[in-house]
Amino acid sequence: MTTRRRWAWGLGVGLPLLALALVLALFRWDWLIPVIEAQAAARLGRPVTLQHLHVRLGRTITVAAEGLRIGNPAGFEADPPFAEVARASADIELGPLLRGEVVIPSVVVERPRVAMIGRADGSTNYALGAPAPAGEELGE
């Protein structure tokens, strides 16, 4: 009877740990790129593309994005993209994150290029269309 309980306990703990180890070993962070691109494009109102995503887990989580490109709004398609970044990375502290706080001790941006374009008619490619603060109108 005791041996049966040990086997049941070992399988009950061991199988979930084995499954977690397999998921972590086989998971590719690049699988999340379409979701991230869609969320960023919806918030910025312009196309966003990302080539690679890397995440290193630990006491400090490091998230690195390679080949980040933010496109232009409608009417500026023929111009160079609004922004391109070869690689951007951010460190996030795990402890505060588990308490619901976000602490980012380091952000590194490598080779950023931004093309801010303003035309004679007053149109620009850098106005992101963020909502104005409550009680204020844009342009006042």
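The values are calculated or read from the model by the stated rules, or taken from the named source; none is laboratory data. Quick caveat, the model's predicted, so the values are computed rather than measured. Cβ placement follows ideal geometry from the backbone for every residue including glycine, while neighbour counts extend to all protein chains displayed. Each accessible area value is taken on the protein alone, full model and side chains, heavy atoms only, with ligands, DNA and RNA left out. Shrake-Rupley method; radii C 1.70, N 1.55, O 1.52, S 1.80 Å.
List every residue pair whose Cβ atoms lie under 6 Å apart, where the two residues are 6 or more positions apart in sequence or sit on different chains, the first residue falls within the stretch 67-83 and is within 14 Å of ARG43 (Cβ to Cβ), and the second residue, located anywhere, is open to solvent by 50 Å² or more (accessible area, probe 1.4 Å) and in a loop (DSSP other than H, G, I, E, B).
GLY71/PRO47
Among the residues of the stretch 68-117, which ones are more than 23 Å from THR49 (Cβ to Cβ) and among the charged types (D, E, K, R)?
Answer for the stretch 68-117, where residues must be more than 23 Å from THR49 (Cβ to Cβ) and among the charged types (D, E, K, R): ASP91, GLU93, ARG99, GLU101.
Check every one of the strands (runs of 3 or more DSSP E) wholly within the stretch 42-123 and list those with 2 or more residues that are open to solvent by 70 Å² or more (accessible area, probe 1.4 Å) and either within 23 Å of TRP29 (Cα to Cα) or of a type outside the set (Lys, Arg) (or both).
By residue number, 52-56, 106-114.
Would the stretch 14-36 turn up any residue that is among the acidic types (Asp, Glu), farther than 19 Å from GLU110 by Cα and open to solvent by less than 50 Å² (accessible area, probe 1.4 Å)?
The answer is no; no qualifying residue exists.
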